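Scroll down for the structure; my scribbles are underneath it.
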Amino acid sequence: MSSPKPKSMLREASHQIIAGGSAGLVEICLMHPLDVVKTRFQIQRGTSDPNSYKSLGDCFKTIFRNEGVFGFYKGILPPILAETPKRAVKFFCFEQYKKLLGLTPLSPGVALTVAGLGSGLTEAVVVNPFEVVKVSLQANRDAFKEQPSSFAQARKIISAGGFGLNGLNRGLTSTLGRHGIFNMIYFGFYFNVKDAIPASPDPTLEFLRKFTIGLVSGTISSCVNIPWDVAKSRIQGPQPVPGEIKYKTCIQTMALVYKEEGYLALYKGLVPKIMRLGPGGAVMLLVYEYVSGWLNRNW
């Protein structure tokens, strides 16, 4: 029997990009409402904030009452526009970094973790302008029909601060930290644990095995990287005093939040973040693996 014809580099890249884009699109459509809730908690400045939510349930009820069901989908267009290139970059870069690191003396486990870090840093550069627009829209508490469009908001940000670190790339350092740390743990944990636990011949049990590992991977990653996520939301969201920049850099923002609001403030939005990126992380990896497998068999 002849061996299967090896895939060309272009076809391999196409498979990774299509599978990664599909994974991102499915995840964002399912989980975006929780991202809105997470951002609202992260930008509120303690109980002294007049718009402070009392609890997770209160946040859901208040958004629904004041902004309608579409309020949970504020800022969804930027991530939808970004998800295909973002997740394509995430998974494509991970696979390429993994291949390159396989040529080094690093152990397979360490190589997977470093490849995850590299993919996260690359992904952050691509996604940060979309994040700036998304967070500014999610912070808007007006009714959904009254808020500006994504493109109008982007023009407003560019007009005020340009394309640099004061405008459309505000908070880039925090985004690098958020994505680099998340992907380092996310990919490193998932693939190392998946390889360590034997696969099941039963398709249902195999699906549950992968989903559970992905769920734990997304949850741990979310718990570790959330201080960078909070800093990103503070820098990219509305400042407490209009015209005055209070949150400037990643470390300065973390230190300021810790000083003024305490250690736990660096974990604001953790519950909705876990609710989103725990199952969302599992969904993404499963969609990527199954779509990639289908493409390998059929194209």
* To do: Quickly run through segment 93-113 and pick out the residues that are among the aliphatic types (A, V, I, L, M), open to solvent by 60 Å² or more (accessible area, probe 1.4 Å) and within 17 Å of Tyr190 (Cα to Cα).
  => Val110
* Asked: For Lys259, all conditions in the list (1) modelled with pLDDT under 95; (2) open to solvent by 10 Å² or more (accessible area, probe 1.4 Å); (3) among the basic types (Lys, Arg) hold save one; what is the number of the exception?
  -> (1)
* To do: Would you please list the contacts, defined by Cβ atoms under 8 Å and residues six or more apart or on different chains, that run from a residue in segment 144-169 that is in contact (Cβ under 8 Å) with a residue 12 or more places away in the chain and under 13 Å from Val132 (Cβ atoms) to a residue that is assigned to a loop (DSSP other than H, G, I, E, B) and open to solvent by 100 Å² or more (accessible area, probe 1.4 Å)?
  => Asn169/Phe163
* Tell me which of these Tyr288 doesn't satisfy, since it passes every other one: (1) modelled with pLDDT under 95; (2) among the aromatic types (Phe, Trp, Tyr); (3) surrounded by fewer than 15 Cβ atoms within 10 Å (Cβ to Cβ). => (3)
* Scan (1) surrounded by fewer than 17 Cβ atoms within 10 Å (Cβ to Cβ); (2) closer than 24 Å to Tyr267 by Cα for the single condition Val69 breaks and write down its number. => (2)
* Structure fact -> Inside segment 171-205, the number of residues satisfying the requirement of being more than 15 Å from the chain's Cα centre (by Cα) and within 21 Å of Val283 (Cβ to Cβ) is 15
* Cross-chain or 6+ apart pairs with Cβ under 6 Å, segment 1-16 first and closer than 16 Å to Pro85 by Cα and at pLDDT 75 or above, then surrounded by fewer than 14 Cβ atoms within 10 Å (Cβ to Cβ) and of a type in the set (Ser, Thr, Tyr) -> none
* To do: Would you mind telling me which numbered condition in (1) surrounded by fewer than 22 Cβ atoms within 10 Å (Cβ to Cβ); (2) at pLDDT below 95 Val216 fails?
  => (2)
* Quick one: how many residues across segment 137-169 are open to solvent by 80 Å² or more (accessible area, probe 1.4 Å), modelled with pLDDT under 85 and in a loop (DSSP other than H, G, I, E, B)? -> 0
* Which residue pairs have Cβ atoms under 7 Å apart, sit 6 or more places apart or on different chains, and have a first residue in segment 178-194 that is free of Cβ contacts under 8 Å to residues at least 24 places away in the same chain and a second that is part of a helix (DSSP H, G or I) and among the charged types (D, E, K, R)? -> Lys194/Lys210
* **Given (1) open to solvent by 30 Å² or more (accessible area, probe 1.4 Å); (2) in contact with a Phe, Trp or Tyr (Cβ under 7 Å, 6 or more places away or on another chain), number of the condition Val36 does not satisfy** => (1)
* In the list Gly57, Gly46, which residue meets the criterion of being of a type outside the set (Val, Ile, Thr), at pLDDT 90 or above and either closer than 24 Å to Lys268 by Cα or open to solvent by less than 50 Å² (accessible area, probe 1.4 Å) (or both)? -> Gly57
* Would you pick out the residues in segment 200-239 that are in a helix (DSSP H, G or I), of a type in the set (Asp, Glu) and farther than 22 Å from Pro108 by Cβ? -> Asp229
* **Single match in Val241, Val271 (criterion: farther than 20 Å from Phe130 by Cβ and exposed (fewer than 13 other Cβ atoms within 10 Å of the Cβ))** => Val241
* **Cβ pairs under 6 Å, 6+ apart, first in segment 277-290 and closer than 17 Å to Thr204 by Cα, second open to solvent by less than 10 Å² (accessible area, probe 1.4 Å) and modelled with pLDDT under 90** => Val283/Glu27; Val287/Ala23
* Of these, Lys90, Lys86, which one is under 21 Å from Pro279 (Cβ atoms) and in contact with a His (Cβ under 9 Å, 6 or more places away or on another chain)? -> Lys90
* Structure fact -> Residue count, segment 170-199, condition open to solvent by 40 Å² or more (accessible area, probe 1.4 Å) and either of a type in the set (S, T, N, Q) or outside any helix (DSSP H, G or I) (or both), comes to 6
* Asked: In segment 93-101, is there at least one residue being closer than 20 Å to Glu27 by Cα, hydrophobic (A, V, I, L, M, F, W, C) and modelled with pLDDT under 90?
  -> no
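The values are calculated or read from the model by the stated rules, or taken from the named source; none is laboratory data. Note that the coordinates shown come from a computational prediction; the quantities given were computed from them, not determined experimentally. Methodologically, a virtual Cβ is constructed for each residue, glycine included, from the backbone with ideal geometry; neighbour enumeration extends over all protein chains shown. Ligands, DNA and RNA are excluded from the accessible area calculation, which covers all protein heavy atoms including side chains. Shrake-Rupley method; radii C 1.70, N 1.55, O 1.52, S 1.80 Å.
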